[in-house]
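**Student:** Before anything else, here's the structure in question.
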Amino acid sequence: MSEKIFSKASGKDVKANEFVMAKVDYAMAHDGTSVLAVRSFKNMGLENVWDPKRIVIPFDHLTPANTETTADLHHDIREWIGGQGIPNFFDVGEGICHQVLPENGFAMPGKLVVGADSHSCTYGAFGAFGTGVGATDMSEIFASGELWFRVPETIKVTASGKLKKDVLAKDVTLKVIGTVGASGATYKAAEFYGDTITDLSISGRMTLSNMAIEMGAKAGIVPPDQKTFDFLEGRAVEGYEPVYADEDAEYCAEYDIDGANLEPQIALPHQVDNVCDVSEIEGKKVDQVFIGTCTNGRLEDLEVAAEILKGEQVAVRTIVIPASRSIMLEAVRNGTAETLLDAGVTLGSPGCGPCLGGHMGVIGEGEVCISTANRNFRGRMGKGGFIYLSSPATAAASAITGEITDPRTV
């Protein structure tokens, strides 16, 4: 699939490991990376971006502004956006870039979608080649609409079998990363197949693709199907043409995951591929629970947490942050937000929250947080903290008991 997308984007037939100059369909930078991209853009002596309508800038990483410095940077980028006439600007409270961009129809099958953020691989859930680049690379895209790439080799991951109750897409994702390893897919694309994958909702597929970077992959692609097309109906900003791998496509490696017998998974500090069954770590005391982020802040994630927390009270501080305004609105309308608040949860405004250690729930020295985010690196959420990654179901169950808990037991 990657070879076909890059062939279209570069205007010639290309194979893995070839270098290409490729035309980017849509480019994204958020409040954290747009600052550096714009600075580089100006340093090149450039005045106008190549196509304002193909640039998407959401504010999400430090929103609302946590310091005067952040507020000033936000102000400067807003001025630049206005001067460039960029219409696709999503200000404070609209949500996380990797949720806002698909919600607004910019992630489409067969497209090359590039973001100045490593988790831009999320867009692969829609059959796109979504990948992250550095902020200075993004300034090149702002200027020309093009960037050089090495076409990646591809690994094939097949997950088969129906998932058990309270075993979610995040558990599949952690199992894949634990199997492939943190560097097992470095500068490769991953393609996901099997009935476990096709059974996943769009939200679940986004969770899977989102964390492809955690095994080193440039992209994590789910072949588009009717679920994809239904999601994009009335939402896609332009026409698109799906691509699929040939039946005899060559893969550099193949992995098989047993979905039917999968248990809830936990990634232990301080590596995402340090993965085990929840039963191996059950009972570990936690100080904080965090449900949200571009990995698991979608409506179905909040609903799973609410189902578990209904009629209960959290035993530790529990922060839930929806991935977008539209998700928060629907959670209010259908009673999910009320259930969470009744249980003692702190509900935050849409955005990244404490995921990157910026604000809204940073943990202190020696504290333990079970989180639905995508990274548990040392210092990620507070320099002396310990992060355990899990699904929203496992996180919600742990909020009730105050210790890591198998969601199937509560």
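The values are calculated or read from the model by the stated rules, or taken from the named source; none is laboratory data. The structure displayed is predicted, hence computed values, not measured ones. Note that each Cβ is placed from the backbone with ideal geometry, even for glycine, and that neighbours are counted across all protein chains shown. Calculation scope for accessible area: heavy atoms of the full protein, side chains included, ligands and nucleic acids excluded. Shrake-Rupley method; radii C 1.70, N 1.55, O 1.52, S 1.80 Å.
**Student:** Could you list, in their original order, any pairs among LYS188/LYS285; LYS4/LYS162; LYS8/LYS227 whose Cα atoms are separated by more than 29 Å? Display every interim value, and only then the final one.
**Tutor:** On the way: LYS188/LYS285 37 Å; LYS4/LYS162 31 Å; LYS8/LYS227 24 Å.
From the list (LYS188/LYS285; LYS4/LYS162; LYS8/LYS227), the Cα-Cα distance tops 29 Å for LYS188/LYS285; LYS4/LYS162.
**Student:** Take ARG150 and LEU341, extend 7 Å from each Cα along the Cα→Cβ direction, and tell me the distance between the two endpoints in nm.
**Tutor:** Distance between label points: 5.2 nm.
**Student:** Now for a separate question. Counting only the backbone N, which residues of the stretch 119-151 are under 14 Å from the spot 7 Å out from the Cα of MET21 toward its beta-carbon?
**Tutor:** So the set is 140-141, 143-149.
**Student:** Please calculate how many Å² of accessible area the stretch 242-291 carries per residue, with a 1.4 Å probe and no DNA, RNA or ligand atoms counted.
**Tutor:** For the stretch 242-291, the per-residue accessible area is 52 Å².
**Student:** Sticking with this structure for a sec: Between LEU356 and GLU307, what is 0.36 nm times their sequence separation minus the Cα-Cα distance? Round to one decimal in nm.
**Tutor:** Roughly 14.9 nm would be gained on extension.
**Student:** At q = 0.24 Å⁻¹, what log₁₀ I(q)/I(0) does a Debye calculation on the Cα points of the stretch 174-219 give, no solvent, two decimals?
**Tutor:** -0.84
**Student:** Given q = 0.15, 0.31, 0.33 Å⁻¹, what are the Debye log10 I(q)/I(0) values for the stretch 357-404, with equal point scatterers placed on the Cα positions and solvent ignored?
**Tutor:** -0.35, -1.17, -1.21
**Student:** So, one more: Test of understanding: in a Gaussian network model of the chain with alpha carbons linked when under 10 Å, which of GLY132, GLY124, GLY194 would top the mean-square fluctuation ranking?
**Tutor:** Result for the chain, Cα springs under 10 Å: GLY194 fluctuates most.
**Student:** Within the accessible area of the stretch 242-285, what % is carbon and sulfur when the probe is 1.4 Å and the other protein chains stay in place?
**Tutor:** Numbers: 960 of 2550 Å².
Carbon and sulfur atoms account for 38 percent of the accessible area of the stretch 242-285.
**Student:** Return the percentage of antiparallel bridges among DSSP beta bridges fully within the chain, rounded to the nearest 5 %.
**Tutor:** Around 20 percent antiparallel, to the nearest 5.
**Student:** While we're here: Mind telling me which of ILE281, ILE221, ILE141 comes out most flexible in a GNM of the chain, alpha-carbon contacts under 10 Å?
**Tutor:** ILE281
**Student:** What percent antiparallel are the DSSP beta bridges of the stretch 263-410, to the nearest 5?
**Tutor:** 30 percent
**Student:** Hey, got the dipole for the chain? About the Cα centre, +1 on K and R Cβ, -1 on D and E Cβ, debye to the nearest 20?
**Tutor:** It comes to approximately 480 debye.
**Student:** Another question about this same structure. For the pairs LYS175/LYS284; LYS156/LYS383; LYS111/LYS164, note any where the Cα-Cα span goes beyond 29 Å. Kindly include the intermediate steps, with their values, before the conclusion.
**Tutor:** Values: LYS175/LYS284 20 Å; LYS156/LYS383 36 Å; LYS111/LYS164 34 Å.
Distance filter (> 29 Å) returns LYS156/LYS383; LYS111/LYS164.
**Student:** Could you please report the charge total around ILE221, scoring K, R as +1 and D, E as -1 over all other residues with beta-carbon less than 14 angstrom from its beta-carbon? If you can, show how the numbers build up before the last one.
**Tutor:** Details: positive: LYS4, LYS111, LYS156, LYS188, ARG205, LYS218; negative: GLU3, GLU153, GLU191, ASP225.
After counting each charged neighbour, the total is +2.
**Student:** According to a simple spin-label model (label point 7 Å from Cα along Cα-to-Cβ), what is the distance in nm between ASN66 and ARG39?
**Tutor:** Simple spin-label model gives 1.8 nm for this pair.
**Student:** Follow-up. Given points 7 Å out from each Cα along the Cα-Cβ axis, report the CYS276 to ASP248 separation in nanometres with one decimal.
**Tutor:** 4.7 nm
**Student:** Let me ask something else about it. Using only the alpha carbons of the stretch 70-195, determine the length spanned along each of the three principal axes and report them from longest to shortest in whole angstroms.
**Tutor:** That gives 52, 35, 26 Å along the principal axes, largest extent first.
**Student:** Further question: Highest mean first, what order results for 61-69, 5-13 on Cβ atoms within 10 Å?
**Tutor:** Going by the mean number of other Cβ atoms within 10 Å, highest first, we get 5-13, 61-69.
**Student:** Continuing with the same structure: Please compute the per residue accessible area over the stretch 151-238 with all protein chains in place, 1.4 Å probe, rounded to a whole number of Å². Mind dumping the intermediate values first?
**Tutor:** On the way: 2840 Å² over 88 residues.
In whole numbers, the stretch 151-238 has 32 Å² accessible per residue.
**Student:** Roughly how many percent of the accessible protein surface of the stretch 107-190 is carbon and sulfur, given a 1.4 Å probe and a whole-percent answer? Each step should come with its number before you reach the end.
**Tutor:** Values: 1040 of 2130 Å².
Carbon and sulfur together cover 49 percent of it.
**Student:** Using a 1.4 Å probe, what is the accessible area per residue for the stretch 25-145, in Å²?
**Tutor:** In whole numbers, the stretch 25-145 has 33 Å² accessible per residue.
**Student:** Taking all protein chains as present, what is the carbon and sulfur share of the accessible area of the stretch 1-58, in % to the nearest whole number, probe 1.4 Å?
**Tutor:** Roughly 49 percent, rounded to a whole number.
**Student:** So between GLU365 and PHE229, what do we pick up on full extension, going 0.36 nm a residue minus the alpha carbon distance?
**Tutor:** 44.3 nm
**Student:** Also, I was wondering about something else. What ranking, highest mean first, results for peptides 363-370, 243-250 when packing means the other Cβ atoms within 10 Å averaged over each residue?
**Tutor:** Values: 363-370: 18.1, 243-250: 12.2.
The densest-packed peptide leads the list: 363-370, 243-250.
**Student:** Using only the Cα atoms of the chain, construct the convex hull and provide its projected area averaged over every direction, in square nanometres to one decimal. Don't skip to the answer; put the middle values down first.
**Tutor:** On the way: hull surface 73.5 nm².
Spelled out: convex hull of the Cα atoms, projected over all directions, averaged, 18.4 nm².
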